[in-house]
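Written out below as structure tokens is the structure these notes cover.
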Amino acid sequence: MPEPVLLVIAHGSRDPRHAATVHALVRRVRARRPGLRVETGFLDFNVPSVSGVLESLAAEGVRDVVALPLLLTRAFHAKSDIPAVLGQAPARLRIRQAEVLGPSPLLTSALERRLYEAGLSPGDKSSTGVVLASAGSTDPEAIAVIAGIAREWRRAGWCAVRPAFASASLPRTEEAVEALRALGCARVAVAPYVLAPGFLPDRIARGAGVARAEVLADVLGAAPEVCRLLLTRYDEARRPALAALGA
């Protein structure tokens, strides 16, 4: 029996860097697992749309799909938008919605990778405060997840870790940078907890610049850890189906 098709569902953006980053990540996933069919669909702004990809797969005779939200928290898109789109898919398709990517130790590893690429070293941890800067959400569950990641990450040896949000919630990046300085951190690094460039990541970068943070990491993008996590979520979603078939 063929493996289910992996459909990566991205939000989409008017910023062309967003789609380019998503496609780079998907290429890395394909390279990591040759033979697995991986498709990309966007909720808004970019093509192909999620519904268009699902219709094309059904027309080809595909039966099984794992739909994987390219999201870091279970907020509105994961709880409402994506289930609504999947619910309108052609009836012949059997679709499993995978869990969102976060939280995961792999994402924490990817965040640290980006900080080291931006100039930090493991020896800098004890004197460096980190702003965990996310896009923001009105969903209390999503906000609580970000706060929990910051608390857990602090245990990895950083001077301190504070969450910040580019929209919907407070504090903003510049406020978190100033709070870390007030705690006595010798330097402050901003780690964007976002997958791809765009309007909100640019706002995070501006906040880091306004507050004169010493280090600004890149977005998570096509980091190897993110690629591994996509495949982990895919395998978790398809496992119950395999068990039902006695595989």
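Charges at C-beta only: +1 for Lys and Arg, -1 for Asp and Glu. How large is the resulting dipole of the chain about its Cα centre, in Debye rounded to 20?
Value, rounded to 20: 400 debye.
Can you list which of the DSSP-assigned H helices in the chain have a Cα extent of 24 Å or more along the long axis and an average Kyte-Doolittle score of at least -1.0?
On the way: long enough: 16-32 (25 Å, -0.45); 224-244 (31 Å, -0.22).
Once both thresholds are applied, what remains is 16-32, 224-244.
Just to confirm, what accessible area per residue do you get for the chain at 1.4 Å probe, in whole Å²? Before the final figure, lay out the partial values.
Working: 11320 Å² over 247 residues.
Per-residue accessible area for the chain comes out at 46 Å².
Quick one: which residues, 5+ away or cross-chain, put their amide H under 5 Å from the amide H of residue 94? H built at 1.01 Å from N.
64, 65
With N set to the residue count of the stretch 101-148, report its C-alpha Rg divided by 2.2 N^0.38 Å to two decimal places. Could you put the intermediate results ahead of the total?
Numbers: Rg = 12.5 Å, N = 48, 2.2 N^0.38 = 9.6 Å.
Ratio of Cα Rg to 2.2 N^0.38 Å: 1.31.
Would you work out the charge dipole size for the stretch 1-85 about its Cα centre, treating the Cβ of every Lys and Arg as +1 and the Cβ of every Asp and Glu as -1, and quote it to the nearest 20 debye? It would help to have the intermediate numbers written out before the result.
On the way: 11 positive and 8 negative charges, 88 e Å.
Approximately 420 debye in magnitude.
Where does the charge balance sit around residue 37 when Lys and Arg score +1, Asp and Glu -1, over other residues with C-beta under 14 Å from its C-beta?
On the way: positive: 27, 30, 32, 33, 63, 238; negative: 3, 39, 60, 64.
Charge balance near residue 37 sits at +2.
Divide the volume of the convex hull of the Cα atoms of the chain by its number of residues and quote the answer in cubic angstrom per residue. Don't jump to the answer; show the numbers that get you there.
Numbers: hull volume 30.6 nm³, N = 247.
Hull volume normalised by residue count: 124 Å³.
Give the accessible area for residue 5 in Å² (nearest 10); use a 1.4 Å probe, count only protein heavy atoms, and leave out ligands, DNA and RNA.
10 Å²
Calculate the radius of gyration of the Cα atoms of the stretch 1-72 to one decimal place, then report Dmax, the largest Cα-Cα distance, as a whole number, both in Å.
Considering the stretch 1-72 through its Cα atoms, Rg and Dmax are 12.1, 39 Å.
Tell me which of 104, 135, 148 sits at the most positive position along the dipole axis of the stretch 71-167, charges placed on C-beta atoms (Lys, Arg +1; Asp, Glu -1).
Value computed over the given set: 104.
Which of the cysteines in the chain are isolated, no other cysteine C-beta under 4.7 Å?
227
GNM on the chain, C-alpha springs below 10 Å: top fluctuator among 193, 234, 116?
Of the options given, 116 has the highest mean-square fluctuation.
Expressed as a rounded percentage, what relative contact order does the stretch 28-156 have, with Cα pairs under 8 Å and six or more residues apart? Could the numbers behind the result be given before it?
Details: 99 pairs, mean separation 27.8, N = 129.
Relative CO of the stretch 28-156 lands at 22 percent.
Take the Cβ-Cβ distance between residue 235 and residue 118 as r, set R0 to 35 Å, and report the resulting FRET efficiency rounded to the nearest 0.05. Please list the in-between numbers first.
Values: r = 31 Å, r/R0 = 0.89.
Efficiency for this residue pair is about 0.65.
Percent of accessible area on the stretch 96-247 owned by carbon and sulfur, 1.4 Å probe?
Working: 3490 of 6610 Å².
In the stretch 96-247, the share of accessible area belonging to carbon and sulfur is 53 percent.
The values are calculated or read from the model by the stated rules, or taken from the named source; none is laboratory data. Since the structure is predicted, the reported quantities are computational estimates derived from the model, not experimental observations. Every residue, glycine among them, receives a Cβ derived from its backbone with ideal geometry; neighbour counts consider all protein chains shown. Please note that ligands, DNA and RNA were not included when accessible areas were found on the heavy atoms of the full protein model with its side chains. Shrake-Rupley method; radii C 1.70, N 1.55, O 1.52, S 1.80 Å.
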